[in-house]
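Chemist: So that we are looking at the same thing, I have put the structure below in structure tokens.
The values are calculated or read from the model by the stated rules, or taken from the named source; none is laboratory data. The structure displayed is predicted, hence computed values, not measured ones. All Cβ positions, even for glycine, are placed from backbone atoms using ideal geometry, and neighbour counts span all protein chains on display. To get the accessible areas, we keep the full protein, side chains included, count just its heavy atoms, and leave off ligands, DNA and RNA. Shrake-Rupley method; radii C 1.70, N 1.55, O 1.52, S 1.80 Å.
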Amino acid sequence: MADVQVARQAAAAEQVFHRYPVPGAGMQRFWWFTRFVATVPFNSWRGSRALQRHVDDRVPAAWPAEFAGKRALIVGTGPSLDRVDQTFFNDFDVLVYVNFALRRARFDRPEYFFTMDPGPSREYIDAFGADAFRRLGPDHCVIAPIFFDFWHLMTEEGRAMFTWLRPDAVGWRTERFKSIPVPVVLRRYPRQPDWQDYRLPQLGRVIPILKPTSALTAVMFAAMCGSRDVGLIGCDFSDSRAASVGGAQTAVAAGTFNSARTEFTAMQANFADQGVRLTNHSWLR
């Protein structure tokens, strides 16, 4: 029975994602790396153009209806998620699950899936299938890609499972691998907001896509849709995971979220001046 389940989930993932090479070892890893560095600039540019063509001004009617004037909760996968029970969630009108936090969905109120990185979505579908995504539907599965080359890693059916957002501004940026001390990758990349004078956008499908973590862009999404009271749980911005979401998601590298705390604090102050309260309950539990 287990083999049947694994096969079903693998088939579900292949409906959503194209097969693509992954790093191996030795010379295989070297050639993967060489190909990656050589092709990313073009694929990134091509993906940004495709995303710009795909994202129009149409906004699902559910977004303002379910967020405006309501209390929203962004649910991440950090350890604080295990320190709250169901009564905590009952204080919120709409829940936005980031990546593997979707495992906590109860489908008892407006609920959303949100990500900036399709990679964890692939891991989730590999482990648990695509039923939760299909049950939520594309209006409630939102993707704001931080890397535009991901567009071409998904099938047409897979793209249709999500409502896509695009960044408000884009530029070229160099990146480095952790094992190499100099920048080696050139990508199109969302420009980051200046919190000194940032103003929330009107409801739409164009928003800043924030580098540190999907949770912060999910906060931006909830505020753009009209919530004026946005909480976070499971957003500890640490390197640990909540046990309740399972061990199927790839562990994060040490220091991945180092900048998220500073970014959230600046964002919190800016939003307060615009009448939006942000509370990270992860730090209060």
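Chemist: Provide GLU157, GLU66 ordered by accessible surface of protein heavy atoms (probe 1.4 Å), highest first.
Modeler: From most accessible down to least: GLU157, GLU66.
Chemist: Turning to a different aspect of this structure: Which whole-angstrom value gives the distance between the alpha carbon centres of segment 172-210 and segment 63-90?
Modeler: 26 Å
Chemist: Express in nm, to one decimal, how much length is gained between LEU200 and ALA272 on full extension, taking 0.36 nm for each residue of separation and deducting their alpha carbon distance.
Modeler: 24.8 nm
Chemist: I've got another one for you. How high is the relative contact order of the chain, in percent, counting Cα pairs under 8 Å that sit 6 or more residues apart?
Modeler: 25 percent
Chemist: In addition: Quick check for you: with a 1.4 Å probe and neighbouring chains kept, what is the accessible area per residue of segment 78-167, in Å²?
Modeler: On a per-residue basis, segment 78-167 sits at 34 Å².
Chemist: Moving on to the next point. Could you give the nm distance between label points at TRP172 and THR155, where each point is 7 Å from its Cα heading toward the beta carbon?
Modeler: Between TRP172 and THR155, the simple spin-label model gives 3.5 nm.
Chemist: How much length is gained if the chain between VAL184 and ALA50 is pulled fully straight, taking 0.36 nm per residue apart and subtracting their Cα-Cα distance, in nm to one decimal?
Modeler: 45.8 nm
Chemist: While we're here: Ignoring ligands, DNA and RNA, how do TRP195, TRP283 rank by accessible area with a 1.4 Å probe, largest first?
Modeler: TRP283, TRP195
Chemist: Name the most mobile residue of VAL55, VAL230, VAL98, meaning the one with the largest mean-square fluctuation, in a Gaussian network model of the chain with Cα contacts below 10 Å.
Modeler: VAL55
Chemist: Here's another thing I want to ask about it. Give the accessible area for THR174 in Å² (nearest 10); use a 1.4 Å probe, count only protein heavy atoms, and leave out ligands, DNA and RNA.
Modeler: The accessible area of THR174 comes to roughly 80 Å².
Chemist: If you build a Gaussian network model of the chain, linking Cα atoms that sit under 10 Å apart, which residue out of GLN192, GLN86, GLN202 swings the most?
Modeler: Ranking GLN192, GLN86, GLN202 by mean-square fluctuation puts GLN86 first.
Chemist: Which order do GLU175, GLU14 take when ranked by solvent-accessible area (1.4 Å probe, heavy atoms of all protein chains), largest first?
Modeler: GLU14, GLU175
Chemist: Projected area of segment 77-223, taken from the Cα convex hull and averaged over every viewing direction, in nm²?
Modeler: Hull-based average projected area comes out at 10.9 nm².
Chemist: Right, next: What ratio of Cα Rg to 2.2 N^0.38 Å holds for segment 138-285?
Modeler: Relative to the rule-of-thumb radius for its length, segment 138-285 sits at 1.11.
Chemist: Return the single residue from GLY76, GLY234, GLY119 with maximal mean-square fluctuation; model: Gaussian network over the chain, springs between Cα atoms under 10 Å.
Modeler: GLY119
Chemist: Ignoring any ligand, DNA or RNA, what whole percent of the accessible area of the chain comes from carbon and sulfur when the probe is 1.4 angstrom?
Modeler: Whole-percent figure for carbon plus sulfur exposure: 52.
Chemist: Roughly how much of HIS18 is accessible, in Å² to the nearest 10, using a 1.4 Å probe?
Modeler: Per-residue accessible area (HIS18): approximately 80 Å².
Chemist: As a test question: what accessible area, to the nearest 10 Å², does ARG187 have when a 1.4 Å probe is rolled over all protein chains in place?
Modeler: For ARG187, the solvent-accessible surface is approximately 20 Å².
Chemist: By its C-alpha gyration tensor, with a ≥ b ≥ c as the square roots of the eigenvalues, how is segment 22-83 shaped: rounded for a/c under 1.5, else prolate for a/b larger than b/c, else oblate?
Modeler: Taking the square roots of the gyration eigenvalues as a ≥ b ≥ c, segment 22-83 is oblate.
Chemist: When a/c reaches 1.5 or more, the comparison of a/b and b/c decides; with that in mind, is the chain rounded, prolate or oblate per its Cα gyration tensor?
Modeler: rounded
Chemist: Which whole number in µm²/s is D for segment 111-174 by Stokes-Einstein, with the Kirkwood Rh taken over Cα pairs at 20 °C and 1.002 mPa s?
Modeler: Approximately 172 µm²/s, per Stokes-Einstein.
Chemist: Could you compute the FRET efficiency for PHE89 and VAL59, with r as their C-beta to C-beta distance and R0 at 25 Å, rounded to 0.05?
Modeler: 0.45
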